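Below you'll find the structure, written out as C-alpha cells, and then a few comments.
Please treat every number below as a calculation from the coordinates, not as lab data. All values derive from a computational prediction rather than experimental measurement. Here the Cβ positions follow ideal geometry from the backbone for every residue, glycine too, while neighbour counts run over all protein chains shown.
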Amino acid sequence: MCSHYEGPTPSQLAATFGVEAAQGKLDLWPGYIGPFLRRSMNSDEVKGGEGGLEALMGSFGLIPSWSKDTKIARRTYNARSETVGEKPSFRNAWHRAQHCIIPAAAIYEPDWRSGRAVPTRIARVDGEVMGIAGLWEEWCAPGTSQVLHSYTMLTVNADSHAFMRDYHRPEDEKRMVVILPRGLYRDWLEASVDTSADFMRRYPADRLAVVERP
C-alpha cells in the first residue's frame, strides 16, 4: 500500500506526458492535492497535452459522490484490485472505467527488516517518472456546485515480489501499487471495464530501486 509519494515537478510532468500542471506539493499524503492524468474531456478548465491527455489537480484519496465530506480520503487512497468493483467507495469509478494515471517521482514504503519502520524512497531504476494506475472521481460539497476531483491508486498482492516483499510489517500481506509500463499508458486510459483487470500486474522487481532523494 502507498500512503506517501513524491509528486513530479512541472518539468518532469511535461517531459514524460506532454502536459502542464501547476506546481503543487511534492510530498503527498492522503487528503493532499496532487496531479493526475486522464483522457481529455475537452474541458476549458485544464490544459490538454499531446495525444488527448489532460492533467487535473485532485485529492489523493477517492471521494465518492455520496460522501458528506472529504474526510473519507484518508481511507481511500489505495484500492485493492481484487475487490475494487465491490467496495462502495470505488465501484462507481471502476464500473464506469474512470481510469487515470498518477505520476510519481517516487513512492515511500516502510522497511521493517531492521525491526523498526524505516521510510524508504523507491523509484524506477531508469529515473523516469512512475505512471501509477488509478481511478478518479468528482465530488460536490452538499448544497454547492463546486467540483472537487479525487483519485486513488490501484494495488496488487506482492507477497512473492522479489523487491516489494521486503516492505511493510512482516506479519502483514505485502501490497504494491500498479506501476504501468510506459507503452501501456494509452491502453489503460482507454480500457473498458471488461479489460481493466488485465492491467493489474506487478511491475518487474529489477526495474525498481531504493534511491536517495536528490
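Could you put Ile102, Ile72 in order, starting from the residue whose Cβ has the fewest other Cβ atoms within 10 Å?
Values: Ile102 31, Ile72 20.
With the fewest neighbours first, Ile102, Ile72 line up as Ile72, Ile102.
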With a 10 Å Cβ neighbour count serving as the proxy for reagent exposure, in which order, fewest first, do Val211, Val84 appear?
Val211, Val84
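Once R0 is set to 25 Å, what does the formula 1/(1 + (r/R0)^6) return for the Cβ-Cβ distance between Val147 and Asp206, expressed as a FRET efficiency to the nearest 0.05?
Values: r = 41 Å, r/R0 = 1.65.
Efficiency computed from Cβ-Cβ geometry: 0.05.
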Counting only residues 5 or more places away or on other chains, whose amide H sits under 5 Å from the amide H of Leu208 once H atoms are built in the peptide plane?
Val125
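In what order do Glu173, Glu212, Glu137 fall by count of nearby beta-carbon atoms within 10 Å, going from fewest to most? Let's see the in-between values first.
Values: Glu173 11, Glu212 7, Glu137 24.
Final ranking by Cβ density, sparse to dense: Glu212, Glu173, Glu137.
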For Gly7, list long-range residues whose amide hydrogen, built 1.01 Å from N in the peptide plane, is under 5 Å from its own amide hydrogen.
Asp27, Leu28, Ala105
On full extension of the chain, what length is gained from Ile33 through Ala117, given 0.36 nm per residue of separation minus the C-alpha to C-alpha distance?
27.7 nm
The stretch 177-182 - phi-based ³J(HN,Hα) in whole Hz, Karplus 6.51/-1.76/1.60, Gly and Pro as x
6, 7, 8, 7, x, 4
Global form of the stretch 161-214, assessed from the alpha-carbon gyration tensor, a/c cut-off 1.5:
oblate
In the set [x] 123; [y] 111; [z] 99, which value of volume of the Cα convex hull per residue in Å³ was calculated from the structure you see?
[x]
Using amide H atoms built 1.01 Å from N in the peptide plane, name the residues 5+ places from Tyr203, or on other chains, whose amide H lies under 5 Å from its own.
Ile179
Pairs on different chains or at least eight residues apart, Cα atoms closer than 29 Å: how many lysine pairs in the chain fit?
9
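Looking at the chain only, what percent of DSSP beta bridges run antiparallel? Nearest 5 please. Can you show the working numbers first?
Numbers: 39 of 44 bridges.
Taking every DSSP beta bridge with both residues in the chain, the antiparallel ones total about 90 percent.
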Give me a comma-separated list of calculated 3J(HN,Hα) values for the stretch 129-138, in order, Karplus coefficients 6.51, -1.76, 1.60 applied at θ = phi - 60°, integers in Hz, x for any Gly or Pro.
5, 6, x, 8, 5, x, 10, 10, 9, 10
Residue-normalised 222 nm signal for the chain, counting each DSSP H run of n ≥ 4 as -39,500 (n - 2.57), nearest 500 deg cm²/dmol, is -2000 deg cm²/dmol
